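The block underneath contains the structure these notes are about, expressed in structure tokens.
Values quoted throughout were computed directly from the atomic coordinates according to the rules given, and no laboratory measurement underlies them. These numbers come from a predicted model, not from an experiment. Cβ coordinates were reconstructed from backbone atoms using ideal geometry, including for glycine residues, and neighbour counts include every protein chain displayed.
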Amino acid sequence: MSDALVGNLVDNRYQVRSRLARGGMSTVYLATDQRLERDVALKVLHPHLADDPQFLDRLGREAKAAARLSHPHVVGVLDQGEDGRLAYLVMEFIKGHTLRDVLNDKGALSPRLALALIDPVVEGLGAAHAAGMIHRDIKPENVLIADDGRIKLGDFGLARAISTSTSTGALIGTVAYISPELVLGKQADARSDIYSVGIMLYEMVTGRQPFEGDVPIQVAYQHVNSTVAAPSLEVPGLAEEIDELVQWCTDRDPDKRPVDGSALLSELRHIRTNLSDAELDLQPPAARSTLPAVAAPPTRPPGGTGPASDAQATAHVLPPTGMPTELQTEVYGSLARPTEMISRTGGNPTTVMSGAPRRPAYGPLSTPDEAAYDGAGYDGPAESAVAPSKRAQRRLDRDEEKARQRAAATPTRTLHEGNPRRRGLLWIVLLVVAALLAAVAGWFFGMGPGSPGTIPPVANKTVAEAQDLLRTAGFQSTVKDVFDDDVSPGLVVGSEPTAGEVIRKFQPVSLAVSKGPELFPLPELAGKSLGEAKTTLNGAQMALGPITETFDEKAPAGTVLAQAPRSGNPVRHGTPVGLTVSKGPQPIPVPDVRGQAQDTAVKALEDAGLKAVVAPEAVNDRNVPEGAVLAQDPASGNLTKGGTVTLTISKGPKLVEVPSFIGKQASEAQEALEKLGFKVQVDNILGGFFGTVRDQNPVDTKAPEGSTVTLTVV
């Protein structure tokens, strides 16, 4: 796709290579971190979020918290920042696909595959919950499956940062998986994530989502007012344990769900080890069944309130890629008004009270005692759902029989009418007690510990100052130490819940106190090759600083000689580390010493840092005097320090016997002497008329080759 950001450099560090995906809150790109030389996923937030200073401040805090969460099944957050009007998150790049791709390709999954895929998701979620983090946007699109089989959960902290920076009561998330308490504007906790996991597991084993609607508000309405049906109604023969697991996670009452991811993980693994192979390998029907559409909320309920009004208040961020809106992370307006449902009999809408009977809490994963249900408090599937399975029908028949027996055992008339006066007194006592309870409740929730209060700002204050502010506002606080790169040690980083949030005064407030930046020792790089040093720095999450090259007589070229800062020094992640790298021994030009005396030549080579070696055999040469350098090897070029130059020494010219040519013709003598290597000088007497050699010097002795022989010719 054409995208103006592709090919550009973000924050002078991240080279954008291609666009990977676009959602309701951000666009994800594949980028290269030029400092650490690795591929990363660059999530660039949409402009309406990037222009909000309060949101950017909260996003920075959430990104730091997510970056401290290190788990093999959680996508790592590497960096966060701003570049002009761009606000971005840098995350670990997972090459592969999402769980949504698997569901689109395969449809409903076998229980074995569904439980195997969701196990690492719940494990990573449990680690996040243990660290005090809530995801708020669990869905198949955020479950990443790498090409090597690793499964990771992504997008921690983004939805939470947006929800904190928006107005009170805003709804953030993906409507197909959002929990009822979020729809009603209540505070999210770990159990909200568990609800989303249950919806996702339902979709994995059935191939469809439990609630559907033409607009997102209809789906949100069903989360609040409808009970998720047993998956076995869609997949006949599905193990009852999986039905119970899904309905345990998706109970509308958060108190009846698993408390966090770790609690869910232990039960999930208990199921995987106790189901038979036949139950685990059950293949879902080839053609997915289709439940009748759940009744939509009325267009305009009496009084101008209810879902229609909620729908008008919705501020829906449309996804540009054509993905169904119920699969996108969205920002909605307040949905805190009473939720209403169309009556099955066609009458006026009936408000569903929060105290309506619900199904029993999820029990042990072994086959539950049927009598424990006793038919009470179980909503069962909606009447518009497909016909129940035989097992569900047997349960309904059994509940009807128990109800009939209880009715038959109850007398229709009491044997003792009682005293009317006593009954009146009893009613008075009950009314007085009820009034007292109402008064106490009014004081508790109006002025007492249950009254609402606003968390005061405590960032960058001392612990004592922050606790005084909270105490004045009516809150009790606890303290926990955290690392922080920006806040000085001993000062408060922030609070949980954050400043400006409205909570009940009996709810605890946690203060995060800075311990300063977290420091890590630098690894030893000296002696490594430059490539090994870069790999070591990447593994330690440090940056590569300037590289200085220098000659070194001992270290091969490309070897790290020194580093700055030195190894062992504690520094922050991302600190640039400068390297001094060897260029190898320094080259030395070979001097030309030919023709020089042997001693002089040897000294000249040694002064240049080279070693002179004299050849064992001297060589005669008519031009080079004895004892001088006749030849050298090498004669030119470069050597390193201590390199060897071989010298060949001259023995001077060779001695040749000079025969006598006296009495012979001068021309004959000259020719013979020149062949012997002598130079010939002719001195003519009386014009050299006869051409006969009268005298010769030297004669009958040895003379150096190339020397001159004088002939006197008459």
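List of remarks:
- Summary value for the stretch 655-713: 49 percent relative contact order, contacts being C-alpha pairs under 8 angstrom separated by 6+ residues.
- Inter-centroid distance (Cα atoms) of the stretch 37-78 relative to the stretch 256-276, Å: 30 Å
- Those lysines that a straight Cα-Cα span of less than 16 Å connects to K43, excepting residues fewer than 8 apart in one chain: K64, K95
- Note on V259 and D3: the extension gain reaches 87.8 nm, defined as 0.36 nm multiplied by sequence separation minus the Cα-Cα distance.
- Per-peptide average of other Cβ atoms within 10 Å, ordering 456-462, 228-234, 100-106 highest first: 228-234, 456-462, 100-106
- Packing here is the average count of other Cβ atoms within 10 Å per residue, and on that basis the peptides 177-188, 468-479, highest first, run 177-188, 468-479.
- Computed lengthening from K675 to E553, 0.36 nm per intervening residue step minus Cα-Cα distance: 38.5 nm
- With a simple spin-label model that places each label point 7 Å from the Cα along the Cα-to-Cβ direction, the separation between E82 and N569 comes to 3.1 nm.
- Exposure proxy shown here: for V28, V502, V713, V682, the number of other Cβ atoms within 10 Å sets the order, fewest to most, as V502, V682, V28, V713.
- Under-5 Å amide H pairs with Q696, H placed in peptide plane, nonlocal only: T712
- Computed lengthening from A464 to K583, 0.36 nm per intervening residue step minus Cα-Cα distance: 37.0 nm
- Radius 11 Å from Cβ of L42, net charge of other residues (Lys, Arg +1; Asp, Glu -1): -1
- In terms of the mean number of neighbouring beta-carbon atoms within 10 Å, the peptides 87-95, 119-127, 630-638 order highest first as 119-127, 87-95, 630-638.
- Remark: the stretch 422-430, residue by residue, has Karplus-estimated 3J(HN,Hα) of 5, 5, x, 4, 5, 5, 4, 4, 4 Hz, where x stands for each Gly or Pro and the curve is 6.51 cos²θ - 1.76 cosθ + 1.60 at θ = phi - 60°.
- The residues neighbouring G84, those whose beta-carbon lies less than 12 Å from its own, together hold a net charge of -3 under the Lys/Arg +1, Asp/Glu -1 convention.
- Projecting label points 7 angstrom from Cα along Cα→Cβ for E532 and A635 puts them 4.4 nm apart.
- Taking a point 7 Å from the Cα of Q54 along the Cα-to-Cβ direction, the residues of the stretch 451-468 with backbone N closer than 16 Å to it are 454-459.
- Summing charges over neighbours of S26, with a neighbour being any other residue whose Cβ is under 11 Å away from its Cβ, gives +1 when K and R count +1 and D and E count -1.
- Residues whose amide H falls under 5 Å from that of S510, counting only those 5 or more places apart or on a different chain, are T478, E496, with hydrogens built in the peptide plane.
- Distant-in-sequence amide H partners of G578 (H built 1.01 Å from N, under 5 Å): G545, A564
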